[in-house]
Amino acid sequence: MPRPVTQLSALTEAANYALDRRDWAALRFNASLMTKEDPTSPVALSYLGVAFLQLGLEKQQPVYVEKGLEYHREAVRLGPDHAVALGNLGVALLKLGQASQSLEILATATKLHPQDRDLLGYRAQAELDVGQLGGADRSVRRLLPLLGGRLA
């Protein structure tokens, strides 16, 4: 049976589309509307974090970068076991050169979500960035079967 389309699901779909296109302004707009529908949504807050962080990095606006991190941290606070929130915070820290902190978050995330391909890939990248080659090898070996045996 198909699920009914709700305002929140339509906004999430629009936000996902903006994320795929790397349209940070559209992502910020849709995620803002998502938070009005559900102010405690880890996904909505995490998407706001992505939008602000990316806009801040691209426009060299440290205030946006910090706001993005605040949204990411709030998303994890509200959803401490939520894969999207954990993954996006881990990636944000990685982008900011904080690979050790990123790895802590992503190690937790992959324990909670051992079959999540994105999280395993992000974890492998963080392990490489901190020089944990053995850890990166183990993460990639866990990832390969989930990708059908080949890296995309």
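The values are calculated or read from the model by the stated rules, or taken from the named source; none is laboratory data. What you are looking at is a predicted structure, and each value in this text was computed from that prediction instead of being measured. With ideal geometry, Cβ positions are generated from the backbone for all residues, glycine too; neighbour counts draw on all protein chains shown. Surface accessibility is based on the protein's heavy atoms, side chains included, excluding ligands, DNA and RNA. Shrake-Rupley method; radii C 1.70, N 1.55, O 1.52, S 1.80 Å.
Between residue 101 and residue 22, with labels modelled 7 Å along Cα→Cβ, what's the label distance in nm to one decimal, could you check?
2.4 nm
Counting only heavy atoms of the protein chains, get the accessible area per residue of the range 87-152 (1.4 Å probe) and round it to a whole Å² value.
56 Å²
Explain nothing, just the number: dipole magnitude of the chain about its Cα centre with +1 on each Lys and Arg Cβ and -1 on each Asp and Glu Cβ, in debye rounded to the nearest 20. List each step's numbers first, then the result.
Values: 17 positive and 16 negative charges, 53 e Å.
Dipole magnitude for the chain comes out near 260 debye.
Can you pull the accessible area of residue 118 for me, 1.4 Å probe, Å² to the nearest 10?
Its heavy atoms expose roughly 100 Å² to the probe.
So if I take the centroid of the Cα atoms in the range 113-132 and the same for the range 11-59, what is the distance between those two points in Å?
Rounded to whole Å, the Cα centres lie 23 Å apart.
Per residue Cα convex hull volume for the range 12-76, in cubic angstrom?
Hull volume over Cα atoms, normalised by residue count, gives 64 Å³.
Give the ranking of 20, 81, 116 by solvent-accessible surface, highest area first, calculated with a 1.4 Å probe. Don't skip to the end; give the middle numbers.
Values: 20 130, 81 95, 116 45 Å².
Most to least solvent-accessible, the answer reads 20, 81, 116.
Among rounded, prolate and oblate, which fits the range 56-105 when a ≥ b ≥ c are the square roots of the eigenvalues of its C-alpha gyration tensor, a/c under 1.5 means rounded, and a/b larger than b/c means prolate? Please report the intermediate quantities before stating the final value.
Working: a/c = 2.60, a/b = 1.44, b/c = 1.80.
The shape class here is oblate.
How about the range 15-118: which trypsin sites (Lys or Arg not before Pro) there lie in a loop by DSSP and see at most 13 other Cβ atoms within 10 Å? Spell out each step's value before the answer.
Details: sites: 21, 22, 28, 36, 59, 67, 73, 77, 95, 111, 117; in loops: 22.
Listed in order of number, the matching sites are 22.
Which aspartates and glutamates, on any chain, are close to residue 59 with Cα under 19 Å apart, when same-chain ones fewer than 8 places away are left out?
Qualifying aspartates and glutamates at Cα under 19 Å: 23, 70.
Shape verdict for the chain, please, from the Cα gyration tensor: rounded (a/c under 1.5), prolate (a/b greater than b/c) or oblate.
Oblate is the answer for the chain, as a/c is 1.5 or above yet b/c matches or exceeds a/b.
Probe radius 1.4 Å, ligands and nucleic acids ignored: give me the carbon and sulfur share of the accessible area of the chain as a rounded percent.
Numbers: 4610 of 8780 Å².
With neighbouring chains kept in place, the figure for the chain is 52 percent.
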